[in-house]
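Accompanying notes for the structure given below.
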Amino acid sequence: MADMENNQTNTFDQSAMLNLMQQGFDIHMQMMQFAWTIPMNAMQVMIDMMDQAAQAAPAEGHAAAANRGSFNVGKMNIPPQLISMLMNLDMSPENLKKLQQGLDFLFGVFPVKKQE
């Protein structure tokens with residue numbers, strides 16, 4: 001009889017420990033999911049702000065933008081000041097690689113519209 005009670009107590013202790021470990025794991029996964037979604041939400045907010053700014057800007061064609069010394073990429077207008085800054089960068093292979101990674105990231109954030 002005492003052996004049976006000891007066995008039940010041991011089973012209860014193992015069950016409680018497994019339950020505690022499962023709860024800890026669940027909390028950890030929720031925190032990791034939240035931490036992962038913060039930059040995704042920030043990028044979505046930035047994209048929405050850029051879309052709103054592009055819609056609020058006066059509509060003009062590519063030719064008018066080119067006449068001012070700037071050009072359009074999609075709905076985004078690249079000003080001549082940014083172009084001159086890029087032209088004055090140190091064009092070492094390391095800096096070019098960093099620039100390429102930055103541009104890849106920037107243009108990778110924009111959604112691609114599929115043709116139907």
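Read-outs: derived from the displayed coordinates by stated rules, not from any lab. Since we're looking at a predicted model, the values are computed, not measured. Note that we place each Cβ from the backbone using ideal geometry, even for glycine, and neighbour counts take in every protein chain shown.
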Original post:
Roughly speaking, what is the stretch gain from Trp36 to Met87, that is 0.36 nm per residue apart minus the C-alpha to C-alpha distance, in nm to one decimal?
Top reply: 14.8 nm
**OP:** Can you check what the net charge comes to around Val109, using other residues whose Cβ is under 13 Å from the Cβ of Val109 (Lys, Arg +1; Asp, Glu -1)?
**Re:** -3
Original post:
Spin-label point model (7 Å from Cα, Cβ direction): what's the Asp26 to Gln115 distance in nm?
Top reply: 5.0 nm
